[in-house]
């Protein structure tokens, strides 16, 4: 099959992506080491698409990922890159029977799945692996951390010997070679020393005069204005505490942690990615496995548990050769960890702290999605014709299988909801609501 990079707004590949495509043509099995945010997803999707045979309707490629969010985002990227490819994301947190019905109707050529759900479908023979030619394991190091080793090994045994195998990891590890079990794999090493990114990430220390650092965090976020920030904490309870404090003080915030329902987690990520909130407060769950571009700042409210956590948190900013900022808030009894080898600048708050700025966008929930034959063009057309919005008043649109989200200029949202109440989109009546 053919792909179109322009559909992703990409003019040219970076060096790592170019080398991956070139080496794929020469070697059957690849191991790609590259940091978070470097474009690894596209690096393996290009060879994957080039190998797909449009005439073969059966499953041809399997991609294993450690998180539901990464499965959905990767599948969306593949659909944009190659619209003719029938791909499907499979993951826990929803009924496997619903996925089985979709599998029977769609007959996917590519499945992007979490290890547990993929193994379940293979064991139940919901998917026939006889034509699988490629196996990809993305975020291998994170998958090991999450305890997926045995599941991934079992899946490899269930699949016929793939013609091609690609393993991707942000960090190198001796267990990679042992797990792959192949002597003919080619390693592409773009892993970097953490200090190599210092020219693209400006490091700052922010000192809190008291042990409870909430007021210092609030002042920092207000000072940063309309920039986007991810605030990292170490505990789920802290996400709620910090998030509620910021909301009560007028900051546009979304909260994200592993104890949330999957649908709420998805909504949170879409709201942050489309600009409906400027701040994401999260555990280290958001440090990896999410495809969020243009994050201006990473804020370490709690000190990272170790150097690896520090590196992956900082990897949320300065993606794709952009510039970013990293702030570490230190209380009276806290000190900069030894693994922070650089010398951060001291950040001094201005004498007058500005008020928090509202987000430009708000998110509209649409109760129908792709399985109802609704796409992004349909949504934009509906919001323009029925909703009366100008094109510049509509931001990012995301359409999922069962529902969708659209960023709408915040000031227009109340009027829009009144205009579209009870209206049909593409002949289908549905629910419209503010997603907050």
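Where a number appears in this text, it was derived from the coordinates with a stated rule and is not lab data. Keep in mind that what you see is a predicted model, and the values were worked out from it rather than measured. Positions of Cβ are backbone-derived with ideal geometry, glycine not excepted, and every protein chain shown enters the neighbour counts.
For the range 229-262, the candidate set comprises residues that are under 19 Å from the mean Cα position of the chain (by Cα), touching a residue at least 60 places away in the same chain (Cβ under 8 Å) and not in a strand (DSSP E or B); within that set, the residue that is farthest from residue 73 (Cα to Cα) is 233. Only one of the numbered conditions (1) part of a loop (DSSP other than H, G, I, E, B); (2) buried (at least 16 other Cβ atoms within 10 Å of the Cβ); (3) in contact with a helix residue (DSSP H, G or I) (Cβ under 7 Å, 6 or more places away or on another chain) is not met by residue 388, and that is (2). Filtering the range 313-341 to residues that are more than 23 Å from residue 139 (Cβ to Cβ), in contact (Cβ under 8 Å) with a residue 24 or more places away in the chain and in a loop (DSSP other than H, G, I, E, B) leaves 323, 331, 332, 333, 334, 336, 337, 340, 341.
Is it true that residue 377 is part of a helix (DSSP H, G or I) and more than 21 Å from the chain's Cα centre (by Cα)? So residue 377 fits the description; yes.
Among the residues of the range 301-312, none qualifies, meaning not one is assigned to a loop (DSSP other than H, G, I, E, B) and over 25 Å from residue 200 (Cβ atoms).
Among the residues of the range 359-371, some residue qualifies, meaning at least one is in a helix (DSSP H, G or I) and either touching a residue at least 60 places away in the same chain (Cβ under 8 Å) or within 30 Å of residue 105 (Cα to Cα) (or both). Can you find even one residue in the range 136-155 that is in contact with a strand residue (DSSP E or B) (Cβ under 6 Å, 6 or more places away or on another chain) and assigned to a strand (DSSP E or B)? Yes, because at least one residue in the range 136-155 is in contact with a strand residue (DSSP E or B) (Cβ under 6 Å, 6 or more places away or on another chain) and assigned to a strand (DSSP E or B).
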